[in-house]
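K.L.:
First the structure, then my questions, so here it is.
The values are calculated or read from the model by the stated rules, or taken from the named source; none is laboratory data. Since the structure is predicted, the reported quantities are computational estimates derived from the model, not experimental observations. Cβ coordinates were reconstructed from backbone atoms using ideal geometry, including for glycine residues, and neighbour counts include every protein chain displayed. Quick note on the areas: whole protein, heavy atoms, side chains included, nothing else; ligands and nucleic acids left out. Shrake-Rupley method; radii C 1.70, N 1.55, O 1.52, S 1.80 Å.
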Amino acid sequence: MKKISYLLFLASVAFAISCSKNDSKKHFCLNGVWELQQMTTPAGSTYIYPENGFTWMRIYDDSCYYACQIANAPNGTMITPSVMQGYTFVDKGNNNILYLQGDNTHPLTIINDSTMIIQEMGRKYTWRFRENFDEDRCHEIVGVIKNDIEDNNETTRHYVFSKAEKELQTTNHTLIYILIFIVMALMMILNYAHNLYKNKKRVEQELKQIEQVHEALPEPVRQAMNTVETEFHHSDFYISLRKRIANGERMNKEDWEMIDTHFKSVYPRFTSTLLSLYNMSQVEYQVCLLLKLNAAPSEIANVLCKDTSSISSIRSRLYQKVFNKKGSSKDWDEFIHSL
C-alpha cells in the first residue's frame, strides 16, 4: 500500500512538472526586437541574412508589430518602413502554436527563448531576438514606421539614423548632467561661504557687544563682580574642587552640574556667551570650564583622560572657529579669562 502511495506521489510530481513546462510555453512573449536570420523555400533553398547588406527587422509590442528593412549605411543605420500589423497567438498544445498575423494564420515554432520560426506561404523564416537593443532608438524607429504608414505615400522612403548624431546626443546628455552637477556644487559652495560670512559677522558683533558691556560697567559694579569672584575662590566648594582637579580625579554628571550652578551665580554670562559664539561639544565646553577654574593644561588632561597635546589642539581649534583666524592655545585661554 505504501509503495502504491509513493508511486502516485511520483506521478503527481511528474504531472506538475509537465504542466509547468506547458505553462512556460504558453507564456512565451514576443515583445522586443527580432531580426530575420534566414529564409528557407519549399524547394529547400536557404538564404542567410543579412543579404546584400540588409535584413528585416520586426519590433513587437503586446498586440502589434512594426516591420522594416534595415541596412548599414556609411554614417549610421538605414531603415525602410514596411508594415504595421496586429498579431495574436493560438496555442493548441503539444508545441502546436498558430500565429495570427492580420487575417492570415501561420504556424509558429519556438526553438528557444531567442529563436522562432514562422511559416508563411510555404517559406520558413527564422527570426533571432536582439538583446540590448537601444530602447530610445527602438522608439524612434517605431515612430518613423507609424508616421510613414499614416502618410499613405506610395513612394518608398528611406530613413538614416546617424551614429554620430546618437553619440552627440549621448554626449550632450552627459554634458548636461555634468553642468547640473557643477551648478549644484557651486550653489552649495556659495551657500557655505555665505553662511561662513554671516557667522563671522555675527561673532564679530557679539564680541564687540561683550567688549562694550565690559567697558560700560560702572566701577561699583566692577568691584562687586570682583568681590563675588574672590569670595568664590575662597569658598569651600572651590578649594575642594581645585584639590580634586590637582589630583586628576574624574568628574561625574552631578559634579559638572554643580560647577554650572556656581558659574551662573559668579559668571552669569559665561555659558551663554560661549554657546552663542560656537556650538561646541561637551568636551570642548568642559575644557573651557576648567580653564576658567584656573586649571593647568596638564590638570585638564588628567581630569578628562586625554593627552596634553589633545587639550592644546582643542583650545587652538576653538580660537580658530570663533575668531575665524589662526591662534595659539594661550590666545584662547586669555579670551576665556576675559569673560
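K.L.:
Report the residue count in region 77-87 for those that are under 18 Å from R130 (Cα atoms) and either surrounded by fewer than 18 Cβ atoms within 10 Å (Cβ to Cβ) or polar (S, T, N, Q) (or both).
P.N.:
1
Matching residues to (1) acidic (D, E); (2) under 18 Å from M39 (Cα atoms); (3) open to solvent by less than 30 Å² (accessible area, probe 1.4 Å):
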{"site": "N72", "(1), (2), (3)": "no, no, no"}
{"site": "F89", "(1), (2), (3)": "no, no, no"}
{"site": "M121", "(1), (2), (3)": "no, yes, no"}
{"site": "E135", "(1), (2), (3)": "yes, no, no"}
{"site": "C138", "(1), (2), (3)": "no, no, yes"}
{"site": "D151", "(1), (2), (3)": "yes, no, no"}
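K.L.:
Could I ask something else about it? Kindly indicate whether any position in region 32-47 is assigned to a loop (DSSP other than H, G, I, E, B) and either touching a strand residue (DSSP E or B) at 6+ places or on another chain (Cβ under 8 Å) or at pLDDT below 80 (or both).
P.N.:
The answer is yes, given that some residue of region 32-47 is assigned to a loop (DSSP other than H, G, I, E, B) and either touching a strand residue (DSSP E or B) at 6+ places or on another chain (Cβ under 8 Å) or at pLDDT below 80 (or both).
K.L.:
Being modelled with pLDDT under 85, under 30 Å from R58 (Cα atoms) and under 48 Å from the mean Cα position of the chain (by Cα) is the requirement here; does N172 meet it?
P.N.:
yes
K.L.:
Follow-up. Please verify whether region 111-129 includes one or more residues that are under 46 Å from the mean Cα position of the chain (by Cα), modelled with pLDDT of 85 or more, assigned to a loop (DSSP other than H, G, I, E, B) and closer than 17 Å to M57 by Cα.
P.N.:
Yes; the residues of region 111-129 include at least one that is under 46 Å from the mean Cα position of the chain (by Cα), modelled with pLDDT of 85 or more, assigned to a loop (DSSP other than H, G, I, E, B) and closer than 17 Å to M57 by Cα.
K.L.:
So which of L277, L318, L304, L339 ends up being within 21 Å of E257 (Cβ to Cβ), surrounded by 14 or more Cβ atoms within 10 Å (Cβ to Cβ) and touching a residue at least 24 places away in the same chain (Cβ under 8 Å)?
P.N.:
L339
K.L.:
Give me a count of the residues in region 258-290 that are more than 21 Å from A301 (Cβ to Cβ) and at pLDDT 85 or above.
P.N.:
4
K.L.:
Yes or no: L196 open to solvent by 80 Å² or more (accessible area, probe 1.4 Å), of a type outside the set (D, E, K, R) and at pLDDT below 80?
P.N.:
yes
K.L.:
Can you give me the number of residues within region 39-64 that are open to solvent by 60 Å² or more (accessible area, probe 1.4 Å) and among the polar types (S, T, N, Q)?
P.N.:
Summing the residues that are open to solvent by 60 Å² or more (accessible area, probe 1.4 Å) and among the polar types (S, T, N, Q) in region 39-64 gives 3.
K.L.:
Moving on. Can you tell me which residues in region 264-274 are in contact (Cβ under 8 Å) with a residue 60 or more places away in the chain and not basic (K, R)?
P.N.:
Answer for region 264-274, where residues must be in contact (Cβ under 8 Å) with a residue 60 or more places away in the chain and not basic (K, R): Y267, F270, T273, L274.
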